[in-house]
Amino acid sequence: MLAVFELGLLAEKTLLSESEGQVVAVFESSFYAVLGGQWICVGLPHLGSGPLHVLCERRPLRWPAIGGGVAVTGSALRIDSRPFATLGDAFIWRPEPPASWTHAGLRLGLGAVDESFHVGAAEEGLAAVGCAQRPVKPSPLVAAAATGIDALDRVITDALSGRAPSPADSAELVTLIGLGPGLTPSGDDLLGGALIALAELDLPNVRELLWSACRNHLDRTNDISGIHLRTAALGYGAAAMHAAIQVTIRGDVNRVNQALVAVSAIGHSSGRDGFAGALIAMRAVDRYFACDEERHRVLRSI
C-alpha cells in the first residue's frame, strides 16, 4: 500500500480526530477532502510542506473522484472503502516558532529582498505591489486591486497602534477577497501572505484585527481559497512562505535569493502574490518602528 511520508500539523489533527468524510475536489497531482468539516489536501511530494498537506510518496494507479468516501481506519487512509495509504510513519510538519527579530535585521532583510524581488511587465498576479518601486504602469489586475491594497496597508498600520479597521477601510479591504483568476485568487494570496507575516513577526493582535475585517466575507471567494485564508489567519501557510518571511525578518541576507526562488515556485502566481502581501505587512512594521525610533530620538534631543 502507498505510504504517506508527511502530514501537515492541521492535517494530522484532522485525521486523528475525524474518521469519515468525502473527496470534494480532484486535480492532477492532489485532491481535497473534508472530514467532519475539516479540510485536508492529499498530494504528491512536489506540493511541498504545508499545514493541510498529506504528502504521498507517489501517485497510485487509482486516483479518487469527487464524492468518493474517505475514512481513517487505524493507521490507514481509505478511499471508497479501499486502502489508499498508510499514515503510521509519517513525519509531522509544523513551522518553526516565530523567529526572534530586530528592526535592524528586518531593514537589512527588506533591503536584500528589494535587490532580488523583481516583477516583469508581463507577469500575472499582484506580485508587483510587494516591490519597493512599483511599476509606473500597473497591470489591469493591480489597478483593480489598488484601493484594497491601500486599505490593507492602512489597516495594518492602524492595528500596530491598536486601532481597529475603519468601516471605510474594511469595505475596501474585502474587495481583495476573490479578486483575480485561479484556484486561489491573487487577492486572497495577498491577504494570506500578510496574515502569515504578522504571525511570523509575533504580532497576534495585529493579525487578529486584520482578520476581523475579512472573516465574514469569505463568500466572495471559492471554498478552497477560503480554507487557505482561514489557515493563514491561524498563522500557517506553505513551508516556503514561512521560510521566505523568516529570512527577511531576521536579515539573513545570504539565504534571501534561495528563499525567493522557493516561494516563487508555489502555484502559478500564488507564492509571489502571497509574498507580496507579506512584504506589505513587513514594510508597514518597518515604518512603524522607524517612526517610533524617530520619536525617541527627538525626545532624547529635547
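FYI, it's all coordinate maths here, none of it is from the lab. Just so you know, these numbers come straight off a predicted model, no measurement behind them. Heads up, the Cβs are rebuilt from the backbone with ideal geometry, glycines too, and the neighbour counts pull from every protein chain shown.
At 7 Å along the Cα-to-beta-carbon direction for both ALA122 and LEU234, put a label point, then send me their distance in nm to one decimal.
If labels sit at ALA122 and LEU234, their model points lie 4.0 nm apart.
Sort the following peptides by mean Cβ neighbour count (other Cβ atoms within 10 Å, averaged over residues), highest first: 46-54, 213-221.
For the peptides 46-54, 213-221, the packing ranking is 46-54, 213-221.
I'd like the FRET efficiency for SER161 and HIS268, computed as 1/(1 + (r/R0)^6) with the beta carbon distance as r and R0 of 35 Å, rounded to 0.05.
0.45
Highest first, please rank the peptides 142-150, 163-171 by the mean number of other Cβ atoms sitting within 10 Å of their residues.
Answer by packing, highest mean first, reads 142-150, 163-171.
Under a Cβ-only charge scheme (Lys and Arg +1, Asp and Glu -1), can you give me the dipole magnitude of the chain about the Cα centre, in debye to the nearest 20?
Dipole of the chain, to the nearest 20 debye: 160 debye.
In deg cm²/dmol and to the nearest 500, what is the mean residue ellipticity at 222 nm of the chain if only DSSP H runs of at least 4 residues count, each as -39500 (n - 2.57), divided by the residue total?
Per the formula, -15000 deg cm²/dmol.
Okay, which of the stretch 266-292 sit inside 19 Å, backbone N to the point 7 Å along the Cα-Cβ direction of ARG107?
Counting backbone N atoms under 19 Å from the label point, the list is 279-292.
How much length would be gained if the chain were fully extended between ARG255 and MET1, taking 0.36 nm per residue of separation minus their Cα-Cα distance, in nm to one decimal?
Fully extending the segment from ARG255 to MET1 adds 87.6 nm.
If you restrict to DSSP beta bridges whose two residues both lie in the stretch 2-93, what percentage is antiparallel, to the nearest 5?
If I count the DSSP bridges inside the stretch 2-93, around 75 percent turn out antiparallel.
Please report, to two decimal places, log10 I(q)/I(0) for the stretch 1-139 at q = 0.18, 0.20 Å⁻¹ as given by the Debye formula with identical point scatterers on the Cα atoms and no solvent.
-0.91, -1.03
Can you list the residues of the stretch 31-68 with backbone N under 19 Å from a point 7 Å past the Cα of ASP80, pointing along Cα to Cβ?
Within reach of a label on ASP80, which here means backbone N under 19 Å from a point 7 Å along Cα→Cβ, the stretch 31-68 contributes 31-35, 42-43, 59-68.
Nearest 5 percent is fine: what portion of the DSSP beta bridges confined to the chain is antiparallel?
75
Along each of its three principal axes, how wide is the spread of alpha-carbon positions in the chain, in whole angstrom units, largest first?
Sorted largest first, the three principal extents are 74, 36, 35 Å.
Relative to the present Cα-Cα distance, how much length would full extension add between CYS291 and ALA132 at 0.36 nm per residue of separation?
Once the chain is fully extended between CYS291 and ALA132, it gains 55.4 nm.
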